[in-house]
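Colleague: The following block contains the structure, expressed as structure tokens.
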Amino acid sequence: MLKAAGICLIIFAGTGLGFCKSLEVTRREKALEEILHMVILLKGEIHYGCASLYDALTGAAEKMTGDYRTFLLHTAKSVQEGKGKPFGELFRECAVEDLSSLELEPEERERFLSLGSHLGYLDLSMQLKQLTAYEEELLRHIEALQEEMPGKKKVYQSLGILGGILLAVLIW
């Protein structure tokens, strides 16, 4: 009786792990879409509003929610205080502090953190070109992820279930 209950728990645990890994892929897609939204807002504030970087950050923050809003406001406050650091360092510090829960691949995270080093010291047109280039790269990443997402999710879920069953058979 106890052995059967333990085996059921092992199967459920394996299934849970598979579904958890599947949810990570979904969260990664959502994080990339939120970053894309933030970049589009920043680009719009800079281009159409001819706003300074501080004004662009606060303007974009008004339209964002959650951690992204906090990040943009924190970055704008750091820019306003002018701690004598380049904008790239301020951007990176604020992103690491406020967006630490982002579920991104290491290369995606590094690319996002390096975005700040391409902003702040350039003229308006160069900032817009940098944001446009990053936006296009994000769109490619999101499209590629959306294409492979159904297959990956199914594999993670199946492996979780089958791994739990295999472990249960080995224990039986």
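The values are calculated or read from the model by the stated rules, or taken from the named source; none is laboratory data. Given the structure is predicted, the values throughout are model-derived calculations rather than measurements. Ligands, DNA and RNA are stripped out before the accessible areas are found, and what is left, the full protein with its side chains, is counted by its heavy atoms. Shrake-Rupley method; radii C 1.70, N 1.55, O 1.52, S 1.80 Å.
Colleague: Give the cross-link partners of K154 among the lysines, using a straight C-alpha distance below 16 Å as the criterion and excluding same-chain residues fewer than 8 apart.
Modeller: K21
Colleague: Assuming a ≥ b ≥ c are the square roots of the Cα gyration tensor eigenvalues, decide whether the chain counts as rounded (a/c under 1.5), prolate (otherwise, with a/b larger than b/c) or oblate.
Modeller: On the way: a/c = 3.62, a/b = 2.60, b/c = 1.39.
Prolate, because a/c is 1.5 or more and a/b exceeds b/c.
Colleague: Using a 1.4 angstrom probe on the protein heavy atoms only, could you order H37, H74 from most to least accessible area?
Modeller: Putting H37, H74 in descending order of accessible area: H37, H74.
Colleague: Compute the whole-percent fraction of alpha carbon pairs in segment 15-106 spaced more than 19 Å apart.
Modeller: Numbers: 1886 of 4186 pairs.
So the portion of pairs separated by more than 19 Å is 45 percent.
Colleague: Ok, one more. Mind checking which lysines have their Cα closer than 16 Å to the Cα of K85? Skip sequence neighbours fewer than 8 apart in that chain.
Modeller: Filter leaves K77.
Colleague: Rounded to whole Hz and in sequence order, give me ³J(HN,Hα) for segment 65-82 from the Karplus expression 6.51 cos²θ - 1.76 cosθ + 1.60, θ = phi - 60°, writing x for Gly and Pro.
Modeller: 10, x, 5, 5, 4, 4, 4, 5, 5, 5, 5, 4, 5, 5, 5, 5, 5, x
Colleague: Give the ranking of L73, L2, L113 by solvent-accessible surface, highest area first, calculated with a 1.4 Å probe.
Modeller: On the way: L73 75, L2 150, L113 20 Å².
Sorted by accessible area, descending: L2, L73, L113.
Colleague: Just tell me which aspartates and glutamates come within less than 18 Å, Cα to Cα, of K43; anything on the same chain fewer than 8 places away is out.
Modeller: E33, E34, D55, E62, D123, E135, E136, E137
Colleague: Related question: Can you classify segment 42-89 as rounded, prolate or oblate using the Cα gyration tensor, where a ≥ b ≥ c are the square roots of its eigenvalues, rounded means a/c under 1.5, and otherwise it's prolate if a/b beats b/c and oblate if not? Each step should come with its number before you reach the end.
Modeller: Numbers: a/c = 2.32, a/b = 1.20, b/c = 1.93.
It comes out oblate by the Cα gyration axes.
Colleague: Based on Cα coordinates alone, diagonalise the gyration tensor for segment 107-159, multiply each eigenvalue by 5, take square roots, and list the semi-axes in whole Å, largest first. Mind dumping the intermediate values first?
Modeller: Working: eigenvalues 216, 27, 4 Å².
The answer is 33, 12, 4 Å, longest axis first.
Colleague: Next question. State, as an integer percentage, the relative contact order of segment 1-91 based on alpha-carbon contacts under 8 Å between residues 6 or more apart. Numbers along the way, then the final one.
Modeller: Numbers: 45 pairs, mean separation 15.4, N = 91.
So the answer I get is 17 percent.
Colleague: At 222 nm, what helix-only mean residue ellipticity would the chain give, in deg cm²/dmol to the nearest 500, using -39500 (n - 2.57) for each DSSP H run of four or more?
Modeller: Numbers: 6 runs with 144 residues, N = 172.
My calculation for the chain gives -29500 deg cm²/dmol from helical runs alone.
Colleague: Normalised by the number of residues in the chain, what is the relative contact order in percent for Cα pairs under 8 Å and 6+ residues apart?
Modeller: On the way: 169 pairs, mean separation 71.9, N = 172.
Contact order relative to length: 42 percent.
Colleague: Then there's this: Under a 10 Å cutoff between Cα atoms, tell me which one of L124, L72, L41 has the largest fluctuation in the Gaussian network model of the chain.
Modeller: Per the Cα network of the chain with a 10 Å cutoff, L124 tops the list.
Colleague: Any idea how far the Cα center of segment 1-72 sits from the one of segment 127-172, in Å?
Modeller: Segment 1-72 and segment 127-172 have Cα centres spaced 14 Å from each other.
Colleague: Additional query: Pairs of alpha-carbon atoms within less than 8 angstrom and 6+ residues apart define the contacts here; what relative contact order does segment 48-130 have, in percent? Spell out each step's value before the answer.
Modeller: Numbers: 67 pairs, mean separation 21.4, N = 83.
Dividing the mean separation by the residue count of segment 48-130 yields 26 percent.
Colleague: Separate question: Sort M64, M126 by heavy-atom solvent-accessible area, probe 1.4 angstrom, most to least. Intermediate results must be reported in sequence, preceding the final value.
Modeller: Working: M64 5, M126 75 Å².
In descending accessible area the options line up as M126, M64.
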